[in-house]
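Okay, structure first, notes after.
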Amino acid sequence: MIGMSDEDQLKALRKRIDSLDEKILELISERAQCAQTVAQVKQKSLPAGIEPVFYRPEREAWVLKHIMELNKGPLDNEEMARLFREIMSACLALEQPLKVAYLGPEGTFTQAAAIKHFGHSVVSVPMAAIDEIFREVAAGAVQFGVVPVENSTEGAINHTLDSFLEHDMVICGEVELRIHHHLLVGENTKTDKISRVYSHAQSLAQCRKWLDAHYPNVERVAVASNAEAAKRVKGEWNSAAIAGDMACELYGLSKIAEKIEDRPDNSTRFLIIGSQMVPPTGDDKTSVIVSMRNKPGALHHLLQPFHNNGVDLSRIETRPSRSGKWTYVFFIDFFGHQHDPLIKDALEKINDESVALKVLGSYPKAVL
Ligand SMILES: O=C(O)C(=O)C[C@]1(C(=O)O)C=C[C@@H](O)C=C1
């Protein structure tokens, strides 16, 4: 390209991009046709009336990891995986349009988590409460639900844990999302006139120190979600909302302060709930609920088989059981799949020691 004018160079490069785009287009279309044939194969082997399992989280995790391993740049692994996430999402929609319920309204972090996990080609359906998501999945109105389960700053989301006690649900995936909160206002609010801040209680808690330092005398009002907070301030004078980017864009608000969360590594973990068990991928997690009698050493007894079999725990949470006074339930997450022999053995031993053991599911560790 030496000796070429900038104008000519640009022209030549764009010509090359056009021809690459044409090849990419052809390849994506060929991939989509393959997915359509996969759908036919899945259908063929089943008796009429039985719905095949089109969505295969174990395969999707493999595809994304494979792409990240092969990627040589200049796009970074996450960027590349996000592109392939969207291609697979569109391919899956050709096989079967998926409906996914999430904690609404539109613009919540839970919706962002749903899109991060499934891509943009799913139909995401907002629900007013966590319990409603469980019910919607149980009733078969949607195939999957997305619920928040723990925040790195504020800990467990108890509504979600309690819902697992009430519904028979299978966990088939997890999503981790970095949570950035911003202080948002509508066009009628002046930044020095803010008298009230709306947000979800968890988000207010995640920004407590920042609010103490910058808006110590402003009333903090907890509402059902941060998207709801954003919706409210759109039409209100002198009030601000703490919410994320999706809500900011959706309600056309302005950011007067960005990334105001007290901890820069603030993140929330979400679970994908459904009814299908997921086969092992080699890099999985399992979640169980165990109920124990409140006798001395109960927790030690419970954890011993995990320890003996070298099972690595990632989380343990206690909730009072709803049945029987002084009975506790433990929510335990660990690395590995319920079909792994050492895990199977540990679970059998725990089952013998406990009042009840329920495996909520084994699922691929979050890839993105
Ligand atoms: O491999 C499959 O079973 C497919 O249906 C194909 C495909 C894909 O596009 O790669 C699409 C949807 C599944 O969730 C997993 C993968």
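Read-outs throughout are calculated quantities, based only on the coordinates presented, and are distinct from any laboratory measurement. Note that the coordinates shown come from a computational prediction; the quantities given were computed from them, not determined experimentally. Cβ coordinates were reconstructed from backbone atoms using ideal geometry, including for glycine residues, and neighbour counts include every protein chain displayed.
Just to be sure I understand the model, the point goes 7 Å from the Cα along the line to the Cβ. What's the resulting Trp62 to His300 distance in nm?
Label at Trp62, label at His300, 4.4 nm between them.
Of Leu103, Leu70, Leu342, how do they rank once you tally other Cβ atoms within 10 Å and put the fewest first?
Lowest count first: Leu70, Leu342, Leu103.
Take Asp245, Asp76 and order them by how many other Cβ atoms sit within 10 Å, fewest up front.
The fewest-first ordering by Cβ neighbours comes to Asp76, Asp245.
Please count, across region 267-352, the pairs of lysine residues with Cα atoms under 20 Å apart that sit 8 or more places apart or on different chains.
Close lysine pairs under the 20 Å cut-off: 4.
Give the distance, in whole Å, between the Cα centre of region 328-368 and the Cα centre of region 128-145.
So the two Cα centres are separated by 24 Å.
Spelling out what I want: for every residue of region 99-116, take phi, set θ = phi - 60°, compute 6.51 cos²θ - 1.76 cosθ + 1.60 (Karplus), and round to whole Hz; glycine and proline get x.
10, 10, 8, 9, 6, x, x, 3, x, 6, 5, 5, 5, 4, 5, 4, 6, 4
Report the trypsin sites (Lys or Arg not before Pro) located in region 99-199 that are in a DSSP loop and have at most 14 other Cβ atoms inside 10 Å of their Cβ, or state none.
Lys190
What are the lysines whose alpha-carbon lies under 29 Å from the alpha-carbon of Lys190, with same-chain residues fewer than 8 places away excluded?
Within the straight-line cut-off, Lys190 pairs with Lys209, Lys231, Lys234, Lys255, Lys259.
Can you tell me how region 319-368 classifies by the Cα gyration tensor, rounded, prolate or oblate, using a/c under 1.5 as the rounded cut?
oblate
Viscosity 1.306 mPa s, temperature 10 °C: what is the translational diffusion coefficient of region 99-191 from Stokes-Einstein with a Kirkwood Rh over Cα pairs, rounded to a whole number of µm²/s?
The calculation lands on 111 µm²/s.
Please report, in debye to the nearest 20, how large the charge dipole of the chain is about its Cα centre when each Lys and Arg carries +1 at its beta carbon and each Asp and Glu carries -1 there.
540 debye
Just the projected area, averaged over all directions, of the convex hull on the alpha carbon atoms of the chain: how many nm²?
Average projection, Cα convex hull of the chain: 25.1 nm².
Give, to the nearest whole percent, the P(r) tail of region 252-368 beyond 20 angstrom, counting all Cα pairs.
Of the Cα pairs, 50 percent sit more than 20 Å apart.
Work out, in µm²/s and without decimals, the Stokes-Einstein translational diffusion coefficient of region 35-114 at 37 °C, 0.692 mPa s, Rh from Kirkwood over C-alpha pairs.
It diffuses with D of about 223 µm²/s by this estimate.
Given labels modelled 7 Å from the Cα in the Cβ direction, how far is it in nm from Ala138 to Glu78?
So the two model labels end up 3.6 nm from each other.
Once fully extended, how much extra length lies between Leu368 and Glu348, figured as 0.36 nm per residue of separation less the alpha-carbon to alpha-carbon distance?
Full-extension gain reported as 4.0 nm.
With each pseudo-label sitting 7 Å past Cα toward Cβ, what's the Ile50-Leu20 distance in nm, one decimal?
It is 4.6 nm.
Need one number: the % of Cα-Cα pairs in region 178-269 sitting beyond the 23 Å mark.
For region 178-269, the share of Cα pairs beyond 23 Å comes to 10 percent.
May I have the convex hull volume per residue, in Å³, for the Cα set of region 125-176?
Expressed per residue, the convex hull around the Cα atoms of region 125-176 is 87 Å³.
Over 12 Å apart: what share of the alpha carbon pairs of region 220-274 falls there, rounded to a whole percent?
Distances greater than 12 Å cover 69 percent of the Cα pairs.
What do you get for Rg/Rh of region 1-60 when both radii come from the Cα atoms and Rh is the Kirkwood radius?
1.40
Can you work out D for region 44-85 in µm² s⁻¹ from Stokes-Einstein, where Rh is the Kirkwood radius over C-alpha pairs, the temperature is 10 °C and the viscosity is 1.306 mPa s?
D, rounded to a whole number, is 131 µm²/s.
Can you grab the distance from the C-alpha centre of region 259-285 to the C-alpha centre of region 289-315, Å, no decimals?
22 Å
Where does region 1-138 land on the Kirkwood hydrodynamic radius, alpha-carbon pairs, in angstrom?
18.0 Å
Fewest to most neighbouring Cβ within 10 Å: what's the order for Leu165, Leu25, Leu302?
Ordered by Cβ neighbours within 10 Å, fewest first: Leu25, Leu165, Leu302.
Based on Cβ point charges of +1 for Lys and Arg and -1 for Asp and Glu, what charge dipole magnitude is obtained for region 192-278 about its Cα centre, in debye rounded to the nearest 20?
Taking the Cα centre of region 192-278 as origin, the dipole is about 120 debye.
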